[in-house]
Amino acid sequence: GDQRWRDDRKVHFLQENPKMEGGAAHKRYERYKAANTVAEFFNLGGCKGDLTNDVVKGYATLEGPSSRGTSRGMSRRVVWKLRNPKREGSSAYARYEIYKTARSEASFFRLGGTADDLAWDLKRG
């Protein structure tokens, strides 16, 4: 199964809330940023989308095999398909042509990849 959602996995959140003040995400973050495990995160009102977004954007780190190397200053190794799976002519296609040479999450973002690109690409393999 997907190891990200294992209840006993340790999770660490930035304590300074990075979400837009006044928004629903900001309010949820204020509740769940004290969590120390994935189970606590969900019990404090977080949802899978929050956790995925927060890890991708660097607001949170997960301990364990599938997040090794994602803590500040490090980056998970990634490999992209050489054949571009995006719709030709789209802005996503153009970004993919640039970031497909990235070999880490850090270089992916430096080359113009977005959090949405990363989530889409990881979901579809």
TODO: Show which aspartates and glutamates lie in cross-link reach of Lys100 when reach means a straight Cα distance below 12 angstrom and same-chain residues fewer than eight apart are skipped.
DONE: Asp117, Asp121
Open item on the list: Below 13 Å, Cα to Cα, which aspartates and glutamates can Lys27 reach? Residues fewer than 8 away in the same chain don't count.
Closed with: Glu16, Asp50
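No lab work stands behind these numbers, since they all come straight from the coordinates. Just so we're clear, the structure is a prediction, and the values are computed from it rather than from any experiment.
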